[in-house]
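Scroll down for the structure; my scribbles are underneath it.
The values are calculated or read from the model by the stated rules, or taken from the named source; none is laboratory data. Model, not experiment: these values are computed from the prediction. Don't worry about glycine lacking a Cβ; one is built from the backbone with ideal geometry, like all the others, and counts go over all protein chains shown. Accessible surface areas use protein heavy atoms only, side chains included; no ligands, DNA or RNA. Shrake-Rupley method; radii C 1.70, N 1.55, O 1.52, S 1.80 Å.
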Amino acid sequence: MPRAADALCQALKAEGVEHVFGIPGGANLPTYDALYDATSDGLTHIQARHEQGAGHMAEGYAKASGRVGVALATSGPGATNLITAIADAHLDSVPTVFITGQVRSDLIGTDGFQEADVVGMTLPVVKHSLAVTDPRQIPEYIHQAFHLASTGRPGPVLVDVPQDLSRAEIDYEPAAGTPDLPGYQPTTSGNIKQIRIAAKALANSQRPVIYVGGGVVNGNASAELREFCASDPFPVTCTLMALGAYPGSDTAAADHDPQWLGMLGMHGTRAANYAMDQADLIVAVGARFDDRITGKLDEFAPSAKFVHIDIDPAEISKNVAAHIPIVGDCKDILPKLTAEYRAIETDRTRLEGWLAQVADWKRQYPLRYEDSDAEIKPQRMVEEMRRVTGGEAIICSDVGQHQMWAAQYHHFPEPRRWINSGGLGTMGFGLPSAIGAKVACPEREVVCLAGDGSLIMVCQEFATAVHHEIPVKVFLMNNGYMGMVRQWQDLFWDGRHSGVELGASPDWVKLGEAFGMTANRVSDPAELAEAMKATLEVDGPALLDVKVTRDENCYPMIPAGAAARDMVG
């Protein structure tokens, strides 16, 4: 008779899982023993070098593909090492299933070796937790976890499996149909009366802005968004997490899309932030009005009415009161809103003054920097990265200045080309997420844009890329600082640099070579493009250490707690 651990692997395969990321330990050894057989039957295990890395790999896999990512860890420190990745997945609504081993059920509550209440620890940062108390629950809970993680507002689900229960012998029958969860009925269709009211409000608005959040990417609704935005020349802006949902373009270029404002928020464009500040109607689609967008909340968009479309009713009016709330899936709601709006006879000339104002802001305040022939400017590095990849690569970013520069200057044309940690802002996210993205999308070029402060936290995952022959390319923006913190200390803390200079960083070329990677360095702007091309052409994982200007600041910027109209830089 098969063991419950074997049934767990069968349930994963029944859910379409092809890859899992993780590290074995005592409490999850039955699962890994079952994987020994399952690996020859189409289930591939990617051995990470740290559980947090495994969690971020599962996130990168999910963000790149839209499928559920899976990470495994043992009990105690294995499970607690996953918590940062779980919290990251929670804040960015990433469909993920985290399966942790647990001490034997008779030891739970005794402070046994490597016992930790991972269910209790993660309650605030999961969509749901499932603690196994009967071995027959194991396959059932796996199917429930995948349904919960991937439907409604996506998010992480934890399944905690005591070691003795995973070894028990059970009969396994494949799941038939959708799991029966009476208490879980997410609303998807949207209230048609509210949709009609929103369409009328939009038809009557003089200064509308379409504010797009990551829910459009998570909901695979980019095509529906673009069709909606084609109804009239509404100005459109995206959050950090939504870049690519609407095609980005250089707002200073002669052939730019006149509707596109660029990214909004703390390091967004002045055009986007000024438009939000002056709008009379803001249509928020899959966005949550977080503090990096609103700035000083009581001065945010003072003249605007708000239409808020979101699948999670808890988000609506949480930070900004919605005048027209619409709960549901944006992929279902946007076509209805488009049809309702187009059925209304509108005065298209009503937007002419607003569009002229928006165009004027874009002309006055383009993104700009002072280039140099003597040293590589970080903005130029991002622009060169886009040129050499043709804008077609999946870019997985760490967190910091380089993340913001990529958001400003890369101009993502499609969704799921931009993978980063938005809500939690997790340094070290970039490399493991790139590994996961490449496993999910082997046909695509995957580039990790890293900062030296972030990469040092997870450089052990070079071994994962080399061992499993995962050909990710790492472009390291090396300025010798935790750059964003240094910028804040310069601007707001009288230049008192405390704990931000990375004076003991390794020789990255030697380190990459020590792991078995191809690694090179470039510091001359004239050699940057060729060095990047050579790195991309390597047949395997590769690293390019790019020495950039040490003290460049990322502008424009809304100081924390300030209003959008008070941008600096």
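Please indicate, with yes or no, whether at least one residue in segment 185-208 is part of a strand (DSSP E or B), in contact (Cβ under 8 Å) with a residue 12 or more places away in the chain and surrounded by 23 or more Cβ atoms within 10 Å (Cβ to Cβ).
First, pick out the residues of segment 185-208 that are part of a strand (DSSP E or B): 208.
Subsequent filtering for residues that are in contact (Cβ under 8 Å) with a residue 12 or more places away in the chain retains 208.
Okay, now just the ones that are also surrounded by 23 or more Cβ atoms within 10 Å (Cβ to Cβ), so 208.
There is at least one residue in segment 185-208 that is part of a strand (DSSP E or B), in contact (Cβ under 8 Å) with a residue 12 or more places away in the chain and surrounded by 23 or more Cβ atoms within 10 Å (Cβ to Cβ).
Here residue 455 passes the criteria (1) surrounded by 24 or more Cβ atoms within 10 Å (Cβ to Cβ); (2) under 29 Å from residue 39 (Cα atoms) except the one numbered (2). For residue 496, state whether it is in contact with a helix residue (DSSP H, G or I) (Cβ under 8 Å, 6 or more places away or on another chain), closer than 25 Å to residue 390 by Cα, open to solvent by 60 Å² or more (accessible area, probe 1.4 Å) and not in a strand (DSSP E or B). It is false that residue 496 is in contact with a helix residue (DSSP H, G or I) (Cβ under 8 Å, 6 or more places away or on another chain), closer than 25 Å to residue 390 by Cα, open to solvent by 60 Å² or more (accessible area, probe 1.4 Å) and not in a strand (DSSP E or B).
Restricting segment 270-305 to residues that are under 21 Å from residue 199 (Cα atoms) and touching a Leu at 6+ places or on another chain (Cβ under 8 Å) leaves a set whose member that is surrounded by the fewest Cβ atoms within 10 Å (Cβ to Cβ) is 305. Within segment 79-107, no residue that is closer than 20 Å to residue 458 by Cα and free of Cβ contacts under 8 Å to residues at least 24 places away in the same chain sits with its Cβ atom under 7 Å from a residue that is open to solvent by 50 Å² or more (accessible area, probe 1.4 Å) and polar (S, T, N, Q) at 6+ positions apart or across chains.
Being open to solvent by 10 Å² or more (accessible area, probe 1.4 Å), in a helix (DSSP H, G or I) and among the aliphatic types (A, V, I, L, M) narrows it down to one of 83, 108, so name that one. Steps first, answer last, please.
Details: 108 fails: in a helix (DSSP H, G or I).
Result of the check over 83, 108: 83.
Of everything in segment 510-525 that is closer than 19 Å to residue 378 by Cα and either in contact with a His (Cβ under 6 Å, 6 or more places away or on another chain) or without any contact (Cβ under 8 Å) to a residue 60 or more places away in the chain (or both), the residue that is least open to solvent (accessible area, probe 1.4 Å) is 520. Among the residues of this structure, residue 430 does not count as one that is touching a residue at least 24 places away in the same chain (Cβ under 8 Å), at positive phi and in contact with a strand residue (DSSP E or B) (Cβ under 8 Å, 6 or more places away or on another chain). Just so you know, in segment 1-39 the residues that are closer than 19 Å to residue 145 by Cα and of a type in the set (Asp, Glu) include one that is surrounded by the fewest Cβ atoms within 10 Å (Cβ to Cβ), and it is 18.
So is residue 229 closer than 24 Å to residue 62 by Cα, open to solvent by less than 10 Å² (accessible area, probe 1.4 Å) and not aliphatic (A, V, I, L, M) or not? Break it down into steps so the answer makes sense when it comes.
On the way: closer than 24 Å to residue 62 by Cα: no; open to solvent by less than 10 Å² (accessible area, probe 1.4 Å): yes; not aliphatic (A, V, I, L, M): yes.
The answer is no for residue 229.
For segment 168-184, a tally of residues being at pLDDT 90 or above, of a type in the set (A, V, I, L, M, F, W, C) and either open to solvent by 90 Å² or more (accessible area, probe 1.4 Å) or out of contact with any strand residue (DSSP E or B) (no Cβ under 9 Å at 6 or more places or on another chain) (or both) returns 1.
Number of residues in segment 193-221 that are within 18 Å of residue 153 (Cα to Cα) and either at pLDDT below 95 or out of contact with any Lys or Arg (no Cβ under 9 Å at 6 or more places or on another chain) (or both) equals 1.
Residue count for segment 418-444, restricted to those that are of a type in the set (A, V, I, L, M) and open to solvent by 10 Å² or more (accessible area, probe 1.4 Å): 4.
Every test in (1) closer than 21 Å to residue 285 by Cα; (2) open to solvent by 30 Å² or more (accessible area, probe 1.4 Å); (3) not in a helix (DSSP H, G or I); (4) not acidic (Asp, Glu) is passed by residue 369 save one, and that test is (1).
Across segment 240-267, the number of residues qualifying as under 17 Å from the mean Cα position of the chain (by Cα) and either outside any loop (DSSP other than H, G, I, E, B) or within 12 Å of residue 362 (Cα to Cα) (or both) comes to 4.
Taking into account only those residues within segment 40-80 that are small (Gly, Ala, Ser) and open to solvent by 40 Å² or more (accessible area, probe 1.4 Å), which is nearest to the chain's Cα centre (by Cα)?
Filtering segment 40-80 for residues small (Gly, Ala, Ser) gives 40, 42, 48, 53-55, 58, 60, 62, 64-66, 69, 71, 73, 75-76, 78-79.
Among the residues that remain, those that are also open to solvent by 40 Å² or more (accessible area, probe 1.4 Å) are: 40, 42.
Numbers: 40: 32, 42: 28 Å.
So the residue we want is 42.
Given the structure, is residue 301 touching a residue at least 24 places away in the same chain (Cβ under 8 Å), closer than 23 Å to residue 271 by Cβ and either touching a strand residue (DSSP E or B) at 6+ places or on another chain (Cβ under 9 Å) or in a helix (DSSP H, G or I) (or both)? Judged against the criteria, residue 301 is a match.
Listed conditions (1) at pLDDT 95 or above; (2) surrounded by fewer than 22 Cβ atoms within 10 Å (Cβ to Cβ); (3) assigned to a loop (DSSP other than H, G, I, E, B) are all met by residue 562, apart from (1).
Restricting to segment 499-509, and then to whatever is out of contact with any Phe, Trp or Tyr (no Cβ under 7 Å at 6 or more places or on another chain) and not in a helix (DSSP H, G or I), can you tell me which residue is most open to solvent (accessible area, probe 1.4 Å)?
Ranking the qualifying residues of segment 499-509, first place goes to 504.
Taking the conditions (1) open to solvent by 50 Å² or more (accessible area, probe 1.4 Å); (2) touching a helix residue (DSSP H, G or I) at 6+ places or on another chain (Cβ under 7 Å); (3) modelled with pLDDT of 95 or more in turn, residue 415 satisfies each one other than (1).
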